[in-house]
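S.K.: Sharing a structure below in structure tokens format, with a few things to ask.
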Amino acid sequence: MPRALLALAIGAFGIGTTEFVVMGMLPEVAEGLGVSVPSVGLLISAYAVGVVVGAPTLTALGVRFPPRQTLVGLMVLFVVGNALSAVAPTYETLAAARVLTALAHGSFFGVGAVAARRLVAPERATSAISLMISGLTVANVVGVPLGTFVAQQTTWRLVFAAIAVIGLVTIAGLLTWMPAELGEPGDLRTELAAFRRGQVWLVLGLTMVGFSALFAVYSYVSPILTELGGLPVEWVTPVLALFGVGTTVGTLVGGRLGDRYGFSLVTVGLLATAVVLAAFALVARTPVAAVVLLVLFGALAFGLGPVVLNGVIEAARVRGGSLVSAANQGAFNAANALGAALGAAVLSGGLGYTAPIWVGAALALAGAGIAVVVRAADRRDRVPTTAGADAVPAECRTAA
């Protein structure tokens, strides 16, 4: 494994920790700033806004620079944002610092995915992306619980300061391990031209619909486990830790399988996800079976992430592809909002806590349908393996 991938994974760990740790520190932050818990909860929405704004904007600004320069610049922004969060004297200052931090989020993953692909041979591109993303899943298993514990025992300000240090470690790793000549500076016009391809929009739509299945269920996993499964409240955290382990394993295994089977894995994976969710809905009142299926669901959902991200870059058929990669991060955030909203709709309709699970199964089936269309479009648009293929960069050819 190229050590530069470790630097990308450390950066992803820091980003994942700073994004989700606020959820575990709501009471402590509220008390420290003298505001209500719901007000602090709005910081989560503020962060999401920063991700949506920053992903396309900063990626577009960074295409003229080599990946290492762009990634280091994004991490500098990340460090500044978390350092300001650590010393924020007022709620308004903290809100601004959180938005500033979030600006680097989507662009880091967008540019980082392209850089990860360039660090390895073409046949290992999906595995390289999965190694970077694994930092994000490990954050949910280690970073967020540890950060919550530190905030409860000391102060939430120390948590943000520690995350800023993680950003500094990432910068040191990028400067030391990532080749300065890794890829030539891109061209914004070329990057934007990728969005003229219908296949790019199909993959983005797949991300938004298919991954909505994850959030339709995960957004309500706590009441599902307690109200349906009958688990004691104190068991929810250990089960979510198991879920996090499942997502990490799924991400790494999905990367390897993606290298072998390409985008075909997405159709199979989403169909399997629908089956697992249907089984989950049927046995949700049996605690052991429910927990096993929930962990399997997490592994399947996150295992497809690197494959889809690699797929949208390949569908772009341009040198680079960081802008479509960043757009995929935006689609993933849209999936978060869509899945949670659909789950809330069926719950508000009085359909009970199995309803979001069935919604998730339906969304996974819809995503599988889109994946079939993507594969069909790929077959029609596949680059010939004869002389004509030489006109297209190897990194831009769609996986079989």
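S.K.: Work out from phi, with θ = phi - 60° and the Karplus expression 6.51 cos²θ - 1.76 cosθ + 1.60, the ³J(HN,Hα) of each residue of segment 97-109, listed in order in whole Hz, and give x for Gly and Pro.
M.R.: 5, 5, 5, 4, 4, 5, 4, 7, 4, x, 5, 4, 5
S.K.: Mind ordering 311-318, 6-13, 104-111 by average Cβ neighbours within 10 Å, highest first?
M.R.: Working: 311-318: 26.2, 6-13: 24.5, 104-111: 29.8.
The densest-packed peptide leads the list: 104-111, 311-318, 6-13.
S.K.: Using the 10 angstrom Cβ neighbour count as an exposure proxy, how do LEU265, LEU363, LEU282 rank, fewest first?
M.R.: Working: LEU265 23, LEU363 29, LEU282 15.
The order, fewest Cβ neighbours first, is LEU282, LEU265, LEU363.
S.K.: What's the exposure ranking of GLU191, GLU31, GLU181, GLU227, going from fewest to most Cβ atoms within 10 Å?
M.R.: With the fewest neighbours first, GLU191, GLU31, GLU181, GLU227 line up as GLU181, GLU31, GLU227, GLU191.
S.K.: Just how far, in whole angstrom, is segment 1-71 from segment 236-259 if you go by their alpha carbon centroids?
M.R.: Using only Cα atoms, the two centres lie 21 Å from each other.
S.K.: Then there's this: Let me check I have the definition right: for the chain, take the eigenvalues of the Cα gyration tensor, multiply each by 5, take square roots. What are those semi-axes in whole Å, largest first? Intermediate values should be presented prior to the final figure.
M.R.: Numbers: eigenvalues 205, 158, 59 Å².
Its equivalent ellipsoid spans semi-axes of 32, 28, 17 Å.
S.K.: Please get the size of the charge dipole for the chain, origin at its Cα centre, with Cβ charges of +1 on Lys and Arg and -1 on Asp and Glu, quoted in debye to the nearest 20.
M.R.: On the way: 21 positive and 17 negative charges, 178 e Å.
Here the size comes out at about 860 debye.
S.K.: Taking θ = phi - 60°, what integer Hz values does the Karplus form 6.51 cos²θ - 1.76 cosθ + 1.60 yield along segment 163-169, in sequence order, with x for Gly and Pro?
M.R.: These are the phi-based 3J(HN,Hα) values: 5, 4, 5, 4, x, 5, 4 Hz.
S.K.: Translational diffusion coefficient, Stokes-Einstein: compute it for segment 220-303 using the Kirkwood radius over C-alpha pairs as Rh, at 10 °C and 1.306 mPa s, and state it as an integer in µm² s⁻¹. Spell out each step's value before the answer.
M.R.: Details: Rh = 13.2 Å.
Here the translational diffusion coefficient equals 120 µm²/s.
S.K.: Another question, then. Using θ = phi - 60° and the Karplus relation 6.51 cos²θ - 1.76 cosθ + 1.60, list the HN-Hα couplings for segment 206-213 in order, rounded to whole Hz, with x at every Gly or Pro.
M.R.: 4, 4, 5, 7, x, 7, 4, 4
S.K.: Any idea how far the Cα center of segment 359-377 sits from the one of segment 96-170, in Å?
M.R.: 29
S.K.: Further question: By how many nm would the segment from MET23 to GLU181 lengthen if fully extended, with 0.36 nm per residue of separation less the alpha-carbon distance? Let's see the in-between values first.
M.R.: On the way: separation 158, 0.36 × 158 = 56.88 nm, distance 3.93 nm.
Between MET23 and GLU181, full extension yields 52.9 nm more.
S.K.: Could you list ASP187, ASP259, ASP378 so that the one with the fewest beta carbons within 10 Å of its beta carbon is first and the one with the most is last?
M.R.: Fewest to most other Cβ atoms nearby, the residues stand as ASP187, ASP378, ASP259.
Laboratory data are not the source of any read-out in this text; all were calculated from the coordinates shown. Just so it is clear, the structure is predicted and the values come from calculations on it, not from any experiment. Note: ideal-geometry Cβ built from the backbone for every residue, glycine included; neighbour counts use all protein chains shown.
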